1. Does segment 119-126 contain any residue that is part of a loop (DSSP other than H, G, I, E, B), over 15 Å from H29 (Cβ atoms) and of a type outside the set (S, T, Y)?
2. Within segment 6-15, work out how many residues are touching a helix residue (DSSP H, G or I) at 6+ places or on another chain (Cβ under 6 Å), assigned to a helix (DSSP H, G or I) and surrounded by 15 or more Cβ atoms within 10 Å (Cβ to Cβ).
3. Consider only pairs whose beta carbons are under 6 Å apart and that are at least six residues apart or on different chains; among these, list those whose first residue lies in segment 145-172 and is closer than 17 Å to E99 by Cβ and whose second residue is not in a strand (DSSP E or B).
4. Within the set of pairs 6 or more residues apart or between chains, which connect a residue that is within 19 Å of E39 (Cβ to Cβ) and of a type in the set (D, E) inside segment 70-96 to a residue that is surrounded by fewer than 20 Cβ atoms within 10 Å (Cβ to Cβ) and at pLDDT below 95 with Cβ atoms less than 7 Å apart?
5. State yes or no: is T139 without any contact (Cβ under 8 Å) to a residue 24 or more places away in the chain and not in a strand (DSSP E or B)?
6. I'd like the full set of residues that are within 24 Å of I12 (Cβ to Cβ), surrounded by fewer than 16 Cβ atoms within 10 Å (Cβ to Cβ) and touching a helix residue (DSSP H, G or I) at 6+ places or on another chain (Cβ under 9 Å), limited to segment 91-131.
7. What is the residue count in segment 115-127 for residues that are at pLDDT below 95 and not charged (D, E, K, R)?
8. Looking at G226, G249, which one is at positive phi and surrounded by 13 or more Cβ atoms within 10 Å (Cβ to Cβ)?
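The values are calculated or read from the model by the stated rules, or taken from the named source; none is laboratory data. Bear in mind that the values here come from a model prediction, so they are computed numbers and not experimental data. As a convention, Cβ positions derive from the backbone with ideal geometry for all residues, glycine included, and neighbour counts pool all protein chains shown.
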Amino acid sequence: MDSFITKYLERIKYEGSLEPSYETLYGIHVGHALNIPFENLDVCDRKPVLLDPDTLFHKIVENGRGGYCFEMNGLLSAVLKKLGFQVTDVLARACLGGEVFFAKLHHVMLVELGNQTWLVDVGFGGEGITAPVLLEVGTEQKQFVNTYRIVTHPSFGYVLQRKKDGEYINIYAFNMEGCIPIDCVVANHFTATFPESLFLKEKFCTIPTKEGRITLTEGHFKIIEGDKVTETKLSDSKEFNQLLEQYFGIAAE
């Protein structure tokens, strides 16, 4: 096994089988989601966000950082392909407030296993999935404290939804059309540089847990554990940097 795979597996604390099976896909997906934070620090610092596998490996694995969708799913896509999985990279439309769909600016994957297709995504952030979701319309799929389903959409193909207070909220839409690396490069450039991009508004870092989620922004720190929510208002950047290192293992530069 090459060092790319070995060190990545150490980063996500995965020690299971590497056969291209659902059990392997599930273990790697959950391991990545629970151990690598979703963050936009480089974007806010106006540093270039490069998507080639070597750069992603150096940043996320060797330097212990996180990233956003193009980085997180870009790395996972490279890993899964090396392990022999049948992976299709896809661009999805995030949904604002459960109603308004954006342009195709979110990178996800579709993985074929036998006669089943699984939605794979470790890079959405706040409401995103922690484990693969079976592409089966209408089926409720529980993942730790969250429940998801996929429904059809008349214009966009499929929509991933998350259950909240008994109702399903749209997260993003996608179809079966694959994309190529340059598509992600263009979408990534827009996301990282467009003046109105949400990723340029403020620094943030978030990671799911089996009980909920931990989220840090420049103004607030929030821990969700089941029905319990603990939120603290931050006083300055020093406090942000301390929490960044304590909870996410990222030392401020």
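1. Yes: one or more hits.
2. The total comes to 2.
3. R162/E127; I169/G98; N170/G98; I171/E127
4. Short answer, once both residue conditions are applied: none.
5. Yes: the conditions hold for T139.
6. Q116, the sole residue that qualifies.
7. Number satisfying all stated conditions: 2.
8. When all the criteria are applied, what remains is G249.
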